[in-house]
1. Taking H placed 1.01 Å from N in the peptide plane, check which residues at least 5 places from R88 or on another chain put their amide H under 5 Å from its amide H.
2. Could you name the lysines in cross-link range of K180, using Cα to Cα under 24 Å and dropping any fewer than eight places away on the same chain?
3. Once a ≥ b ≥ c are taken as the square roots of the eigenvalues of the Cα gyration tensor of region 202-242, is the result rounded (a/c under 1.5), prolate (a/b larger than b/c) or oblate (a/b not larger than b/c)?
4. Can you give the accessible area per residue of region 92-150, in Å², using a 1.4 Å probe?
5. Report the calculated FRET efficiency for E202 and A146 (r = Cβ-Cβ distance, R0 = 22 Å), to the nearest 0.05.
6. Determine the share of the chain's accessible area contributed by carbon and sulfur atoms, expressed in whole percent, with a 1.4 angstrom probe.
7. Using a cut-off of 25 Å between alpha-carbon atoms, which lysines can reach K29, once sequence neighbours fewer than 8 places away in the same chain are excluded?
8. Mind ordering 82-89, 271-278 by average Cβ neighbours within 10 Å, highest first?
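The values are calculated or read from the model by the stated rules, or taken from the named source; none is laboratory data. Keep in mind it's a predicted model, so treat the numbers as computed, not measured. Using ideal geometry, Cβ is built from the backbone for each residue, glycine included, and neighbour counts are taken over all protein chains shown. Remember, those area values only see protein heavy atoms, side chains included, never the ligands or the DNA or RNA. Shrake-Rupley method; radii C 1.70, N 1.55, O 1.52, S 1.80 Å.
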Amino acid sequence: MKATLPVHTFSLVACDPDTGDLGIAVASKFLAVGFVVPWAKAGVGALATQSYANPSFGPTGLALMEAGAGPEDILAVFARNDPDLAKRQFGFVLASGESLSYTGQECHAWAGSCWGPNYAAQGNLLTGPEVLEALEQTFLTRVDLAFPERLLEALFQADRAGGDRRGRQSAALLVVGAGKGYGGMERWIDLRVDDHADPVAELRRLLGIHRLLFGAGEPGRPLQSDEIAWIQALLRRQGLYAGEANGVWDEATEKAFETLIGMENLEERYRGGPLLDEVALKYLQEKFA
């Protein structure tokens with residue numbers, strides 16, 4: 001097998017038993033770690049391949065899961081086909097919640113793995129075991145958070161516990177769920193920070209934007225007349241509306257507002273008429289104050 005560059009990193013692979021969503025959160029002192037490490041398929045499983053990463057483990061592992069292979073079967077196939085298994089580190093979770101994490105004996109210290117129902121956590125070239133402990137314990141205890149935020153919070157706490165002992169550079173969050181992504185895709189959240197001084201914090205910011213633009217949001221509430229007047233005045237300033245800011249919703253107001261919504265990529269949150277959810281309204285008020 002062709003030699004590979006080391007991807008020293010820490011990652012969490014997990015399944016949400018309530019929704020069936022699968023995801024991976026990963027960070028590293030490595031350019032564009034999200035390009036190499038995370039692999040997932042809705043209804044099948046998720047996998048992270050790192051250390052001297054073998055990228056073929058991603059598609060091969062998912063194919064084996066889809067064919068009905070269990071964790072030990074998958075490990076056996078990897079071991080049989082990869083003479084450099086001692087350099088590899090990987091973790092995976094099946095849609096059933098079964099999991100496994102493997103750390104080869106030639107991975108650079110500190111390196112280790114832990115896993116349990118619905119999760120697998122792993123890391124190499126870390127500042128110490130406290131990184132993996134933070135990754136695991138945060139995921140297990142922060143059940144109050146939605147699944148993507150829970151993955152990211154675990155990654156953040158592991159990063160703040162020490163993370164990659166070489167420093168920070170990139171991070172990624174991949175979450176899949178049947179029909180949950182844009183246009184019905186299974187790839188629901190696919191965010192990457194390729195080169196940044198504080199990539200996990202930046203990833204948090206990007207997830208917030210993703211939630212704003214693609215979150216279903218609460219049902220829109222009727223806009224009050226003063227809010228409609230404010231929107232009309234905004235539309236006039238943007239050159240989208242020539243009518244009066246009189247607080248009365250009409251066809252011209254709606255047509256102009258639809259244009260503004262499109263300019264701000266908020267189409268997923270607007271369903272027409274003088275109705276808007278609080279998150280979208282607050283965003284517009286803060287941006288165009």
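1. G104
2. K41
3. Verdict is oblate for region 202-242.
4. 41
5. Efficiency, rounded to the nearest 0.05: 0.70.
6. 53
7. K29 reaches K2, K87.
8. Result, highest mean Cβ count within 10 Å first: 82-89, 271-278.
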